[in-house]
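Below: one structure, written as structure tokens.
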Amino acid sequence: MSMFIIRIIANACITRYNRGERQVEGIVNSYTALNEEDRELVYAEIYTKRPDLVPVVEGSA
């Protein structure tokens, strides 16, 4: 998938999250056309734009 499409999907996910739709993981998973590699690219784009959305891992502080 082209990077511009990855960015469009990432921006759409952020918009949906900002509108209170649900958690980021659920929003990204709703895009069924994404394969695992594309899904990871979408997460990377989201977390680059919105580092506050990166999930907190227990015991990492």
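No lab work stands behind these numbers, since they all come straight from the coordinates. Predicted, not measured: the structure shown is a model, and the values here were computed from it. FYI the Cβ positions are ideal-geometry reconstructions off the backbone, even for glycines, and counts take in every protein chain you see.
Computed on the chain, with alpha-carbon pairs under 8 angstrom and 6+ residues apart, the relative contact order is 36 percent.
Quickly estimate the mean residue ellipticity at 222 nm for the chain, helices only: each DSSP H run with n ≥ 4 gives -39500 (n - 2.57), and the total goes over all residues, rounded to 500. Don't skip to the end; give the middle numbers.
Numbers: 3 runs with 36 residues, N = 61.
Estimated from H runs of four or more residues: -18500 deg cm²/dmol.
Can you pull out the trypsin sites (Lys or Arg not before Pro) in region 1-39 that DSSP calls coil and that have at most 14 other Cβ atoms within 10 Å?
Details: sites: ARG7, ARG16, ARG19, ARG22, ARG39; in loops: ARG19, ARG22.
Here the sparse-neighbourhood loop sites are ARG19, ARG22.
Loop-resident GluC sites (Glu not before Pro) (DSSP state other than H, G, I, E or B) in the chain with no more than 16 further Cβ atoms inside 10 Å of their Cβ: GLU21, GLU58. Out of every Cα pair in the chain, what percent are spaced more than 12 Å from each other? Roughly 66 percent, rounded to a whole number.
Dipole magnitude for the chain: about 340 debye, using +1 per Lys or Arg Cβ and -1 per Asp or Glu Cβ, origin at the Cα centre.
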